[in-house]
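The values are calculated or read from the model by the stated rules, or taken from the named source; none is laboratory data. Just so you know, these numbers come straight off a predicted model, no measurement behind them. Here Cβ is always computed from backbone atoms with ideal geometry, including for glycine, and neighbour counts include all displayed protein chains. Each accessible area value is taken on the protein alone, full model and side chains, heavy atoms only, with ligands, DNA and RNA left out. Shrake-Rupley method; radii C 1.70, N 1.55, O 1.52, S 1.80 Å.
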Amino acid sequence: MPDTVTAFGPGRVNLIGEHTDYNGGLALPFAISEGVTVRARATGDGTVSAIASDLDSRDRFEIGAVPRVRGWRAFVRGAVAELQAAGFPLTGARLEISGTVPRGSGLSSSAALEVAVCLALLAVAGTPPPDRLTLAQICSRVENEWVGAQTGLLDQIASLFGEPDSALEIDFRTLEVTPVALELGGYSLVTLDSGERHANAGRDGETAGGDAPTGYNKRRAECAAACRALGIDSLREATPERAAQLPEPLAARVAHVIGENERVTDTVAALSASDLERVGELLNASHASLRDCFAISTPAVEATVRRLRDAGAVGARIVGGGFGGHVLGLLPPGTAVPEGAIEVRPGPGARLL
Ligand code: GLA
């Protein structure tokens with residue numbers, strides 16, 4: 001059993017397929033090279049101490065009975081509690097956490113943190129990790145049960161299954177993950193920060209403020225209400241005809257999910273035909289639907305989309321949960337990367353370094 005380990009969890013960019021994961025739909029994300037690094041030392045003393053160097057903040061607690069807390073500490077405490085609840089024994093560790101994904105940016109700093117903390121804790125305890133899907137589900141429970149964000153499995157699967165040069169087509173009905181070659185033929189993908197931060201958790205005093213449900217959790221509740229009204233288990237079974245009979249805003253929310261699933265399939269086809277102009281059109285259509293039907297855009301995000309399109313992007317759209325964060329743009333060959341934008345490409349998934 002190693003005394004010290006270093007684990008890395010990447011953030012992700014979702015090429016297309018937004019707000020489809022918790023609706024049994026389709027998405028096409030990839031892991032990026034930015035992420036969270038956790039250095040862990042075994043202490044064997046039955047406690048976990050964690051230092052978040054970027055936040056200049058620390059935590060310490062007993063692993064036997066983990067008390068609840070808000071903010072970034074909830075991720076570490078939740079990881080310890082959920083790993084043990086799933087039957088993976090831990091001993092005690094000292095964790096040093098640092099990251100390169102801005103929080104609340106739509107590039108999934110949360111999943112990067114959960115995944116890296118879990119891998120580090122298991123490695124210093126000498127406990128073999130479960131398969132990647134099981135680990136993604138444990139990490140998702142950390143977010144749902146400890147952080148209070150009713151997020152789906154998109155980010156955790158992307159972070160754990162990432163592969164260089166490929167996006168991952170995920171079918172959330174079967175949890176099947178299929179790598180799709182991301183050959184851009186001279187085009188490039190960039191993300192540009194809207195400058196607006198968001199929080200997915202409804203009860204995160206440090207980031208969301210107060211106890212009001214966030215827009216993310218509200219959207220999730222609206223999709224569940226639409227399922228109840230339609231008498232179906234997931235919006236994957238919804239049809240445009242039946243969706244149109246729902247009251248607003250539910251009809252619009254369902255229309256987004258149905259259209260977005262189709263756009264994922266169309267994007268996979270356009271990539272295999274090397275038709276990057278078509279990929280750009282699909283990104284624009286996704287953004288329009290997220291803005292008009294799912295209502296998760298903001299003036300700052302719209303301004304950022306315009307900046308990317310003015311810079312020559314053939315497609316641009318908000319990524320992640322919405323209400324701020326980064327915008328993804330597809331730039332044709334020879335286009336200069338706009339100031340402040342970062343080029344992103346698929347990288348390997350979470351791992352021990
Ligand atoms: C956030 C959530 C994901 C997913 C996206 C929207 O990133 O964590 O589960 O729902 O928003 O596609």
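Exactly one residue out of 282, 308 is over 21 Å from residue 216 (Cα atoms), away from the ligand (no atom under 16 Å from the Cβ) and outside any loop (DSSP other than H, G, I, E, B), and it is 308.
Restricting the stretch 58-72 to residues that are over 24 Å from the mean Cα position of the chain (by Cα) and among the aliphatic types (A, V, I, L, M), the residue that is most open to solvent (accessible area, probe 1.4 Å) is 65.
Can you confirm whether residue 6 is over 23 Å from residue 133 (Cβ atoms), open to solvent by 30 Å² or more (accessible area, probe 1.4 Å), within 24 Å of the chain's Cα centre (by Cα) and not hydrophobic (A, V, I, L, M, F, W, C)? Give the steps one after another, and end with the answer.
Numbers: over 23 Å from residue 133 (Cβ atoms): yes; open to solvent by 30 Å² or more (accessible area, probe 1.4 Å): yes; within 24 Å of the chain's Cα centre (by Cα): yes; not hydrophobic (A, V, I, L, M, F, W, C): yes.
Spelling it out, residue 6 is indeed over 23 Å from residue 133 (Cβ atoms), open to solvent by 30 Å² or more (accessible area, probe 1.4 Å), within 24 Å of the chain's Cα centre (by Cα) and not hydrophobic (A, V, I, L, M, F, W, C).
Assess whether residue 94 counts as being surrounded by 18 or more Cβ atoms within 10 Å (Cβ to Cβ) and more than 22 Å from residue 325 (Cα to Cα). Can you show your working first?
Values: surrounded by 18 or more Cβ atoms within 10 Å (Cβ to Cβ): yes; more than 22 Å from residue 325 (Cα to Cα): yes.
Taking the combined requirement at face value, the residue satisfies it.
Within the stretch 97-129, the set of residues being out of contact with any Gly (no Cβ under 7 Å at 6 or more places or on another chain), buried (at least 24 other Cβ atoms within 10 Å of the Cβ) and of a type in the set (S, T, N, Q) comprises just one member, 110.
Cβ-Cβ contacts under 6 Å between residues 6 or more apart (or on different chains), taken from a first residue in the stretch 15-34 that is touching a residue at least 60 places away in the same chain (Cβ under 8 Å) and of a type in the set (Asp, Glu) to a second residue that is open to solvent by 10 Å² or more (accessible area, probe 1.4 Å) and more than 9 Å from the ligand (Cβ to nearest atom), are listed as 21/172; 34/100; 34/101.
A quick yes/no check of all residues on (1) within 20 Å of residue 18 (Cα to Cα); (2) hydroxyl-bearing (Ser, Thr, Tyr); (3) out of contact with any Asp or Glu (no Cβ under 6 Å at 6 or more places or on another chain):
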| site | (1), (2), (3) |
| --- | --- |
| 307 | no, no, yes |
| 316 | yes, no, yes |
| 321 | yes, no, yes |
| 324 | yes, no, no |
| 327 | yes, no, yes |
| 330 | yes, no, yes |
| 338 | no, no, yes |
| 343 | no, no, yes |
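For the condition modelled with pLDDT under 95 and either within 21 Å of the chain's Cα centre (by Cα) or under 17 Å from residue 107 (Cβ atoms) (or both), what is the one hit in 315, 329, 349, 321? Let's see the steps before the verdict.
Details: 315 fails: modelled with pLDDT under 95; 329 fails: modelled with pLDDT under 95; 349 fails: modelled with pLDDT under 95.
On inspection, the qualifying residue turns out to be 321.
Pairing residues of the stretch 220-245 that are over 19 Å from residue 17 (Cβ atoms) and in a helix (DSSP H, G or I) with residues that are more than 16 Å from the ligand (Cβ to nearest atom) and open to solvent by 70 Å² or more (accessible area, probe 1.4 Å), at Cβ distances under 8 Å and at least 6 apart in sequence or on separate chains, gives 230/237; 230/242. For the stretch 258-280, the criterion of a residue being surrounded by fewer than 18 Cβ atoms within 10 Å (Cβ to Cβ) and in contact with a Cys (Cβ under 7 Å, 6 or more places away or on another chain) is satisfied by no position.
Determine whether residue 300 is surrounded by fewer than 18 Cβ atoms within 10 Å (Cβ to Cβ), closer than 15 Å to residue 194 by Cβ and modelled with pLDDT of 95 or more. Taking the combined requirement at face value, the residue satisfies it.
Do the conditions hold for residue 287, that is, is it out of contact with any Ser or Thr (no Cβ under 6 Å at 6 or more places or on another chain), under 30 Å from residue 342 (Cβ atoms) and of a type outside the set (D, E, K, R)? Full working, then the answer.
Details: out of contact with any Ser or Thr (no Cβ under 6 Å at 6 or more places or on another chain): yes; under 30 Å from residue 342 (Cβ atoms): yes; of a type outside the set (D, E, K, R): yes.
The answer is yes for residue 287.
Residues in the stretch 324-334: is at least one outside any loop (DSSP other than H, G, I, E, B) and over 21 Å from residue 181 (Cβ atoms)? Outline the logic, then answer.
Within the stretch 324-334, the subset outside any loop (DSSP other than H, G, I, E, B) is 326-331.
Remaining after also requiring over 21 Å from residue 181 (Cβ atoms): 326-327.
Checked against the condition, which is being outside any loop (DSSP other than H, G, I, E, B) and over 21 Å from residue 181 (Cβ atoms), the stretch 324-334 yields at least one hit.
One line per residue, one yes/no per condition, for (1) within 16 Å of the ligand (Cβ to nearest atom); (2) at positive phi; (3) not hydroxyl-bearing (Ser, Thr, Tyr):
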position	(1), (2), (3)
102	yes, no, yes
107	yes, no, yes
111	yes, no, yes
117	no, no, yes
120	no, no, yes
126	no, yes, yes
133	yes, no, yes
137	yes, no, yes
141	yes, no, yes
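Among the candidates 251, 255, the residue that is among the hydrophobic types (A, V, I, L, M, F, W, C), more than 17 Å from residue 322 (Cβ to Cβ), modelled with pLDDT of 95 or more and part of a helix (DSSP H, G or I) is uniquely 251.
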